1. What does the accessible area per residue of region 6-52 come to in Å², with a 1.4 Å probe and no ligands, DNA or RNA counted?
2. Report, by chain and number, residues whose modeled amide H sits under 5 Å from the one on Leu208, excluding near sequence neighbours (fewer than 5 apart, same chain).
3. In terms of modelled amide H atoms, which long-range or inter-chain residues lie less than 5 Å from the amide H of Thr242?
4. Starting at the first residue of region 79-87, write each ³J(HN,Hα) from the Karplus equation 6.51 cos²θ - 1.76 cosθ + 1.60 with θ = phi - 60°, in whole Hz, x for Gly and Pro.
5. Taking 41 Å as R0, compute the FRET efficiency from the Cβ-Cβ separation of Leu159 and Thr247 and round it to 0.05.
6. Long-range amide H contacts for Gly236: which residues qualify at under 5 Å (H placed 1.01 Å from N, peptide plane, sequence gap of 5 or more or a different chain)?
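The values are calculated or read from the model by the stated rules, or taken from the named source; none is laboratory data. Just so it is clear, the model here is predicted, and its values are computed rather than measured. Every residue, glycine as well, gets a Cβ built from its backbone with ideal geometry; the counts of neighbours run over all protein chains shown. Note: areas computed on protein heavy atoms with side chains; ligands, DNA, RNA excluded. Shrake-Rupley method; radii C 1.70, N 1.55, O 1.52, S 1.80 Å.
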Amino acid sequence: MLPTFVIGLREGLEAALIVGIIASFLAQQGRRDALKRVWLGVGVAVAICVAVAVGLQIYSSDLPQRQQEQLETVVGVIAVVMVSYMVLWMRRHSRDLRGDLENAAGRALTAGSASALVLMAFLAVLREGFETAVFLLATFNESDNPAYGGTGAALGILLAAVVGYGIYRGGVKINLSRFFRITGLVLILVAAGLVATALMTAVEGGWLNQGSQAFDLSWLVRPGTPTSSVVTGVLGIQPYPTWLMVTGWLVYAVPMTAVVLWPARRREVPEPRPAPETAQAS
């Protein structure tokens, strides 16, 4: 439940931040006409993402076992790539996200077009929705209780929507840099587990060789226990991991954790150049 809650909260909040900032800016400018189109675009984007998620689940459930494992491998790899890009991009831009969006919105309205803002909100929800669908599908594939994971995702998205509405109304202020760093660390651990799971399903799908067993963690990862929910559900660690899975987990988790924890550079503002001195007549 914790991984899907963090995924829903993180992805949902990214979309809610963008939509909330755009909606707040349009409301301040008195552009209620454009604001209605923003909400319509958000609703259409959500409907498309839900349809894609349901379609992927139905398609994967009808495949033979071997092809299911291969599809789960592909979905897992795509999910890891998406979350890695998302974590790195937000690490760099979270500090200045609001100012950058408001500047872009101001330029769009100055140019006499609010359609760019409507499209921006639509694409933000569509992108985050696609990422959420793929990431949750990959997480559900390794979960023993999809309904429990679905509840976590729904709660995360609901909380993100509440925060986004608070930003729109102007009553919620959060430290985006700190928030995305903390959730980024959790998502890196989840993604590392997806790397290990993708390697396992690649073996079961016939794409890789099994390899030798690394550890016996059956004493720790006991199905149905809270410890198993954390170790397997969050970290993706199996009772009998192979060296291939352990290596994949470490190769991904260690450098990504170092990158996220490394202090981000502030954007340097160029200092104004001194005016050139005028030549004195001799």
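1. That works out to 39 Å² per residue.
2. Val203
3. Correct list: Ala214.
4. Once θ is set to phi - 60°, the couplings for region 79-87 become 4, 5, 4, 5, 5, 5, 4, 4, 5 Hz.
5. 0.70
6. Placed amide hydrogens put nothing under 5 Å from Gly236.
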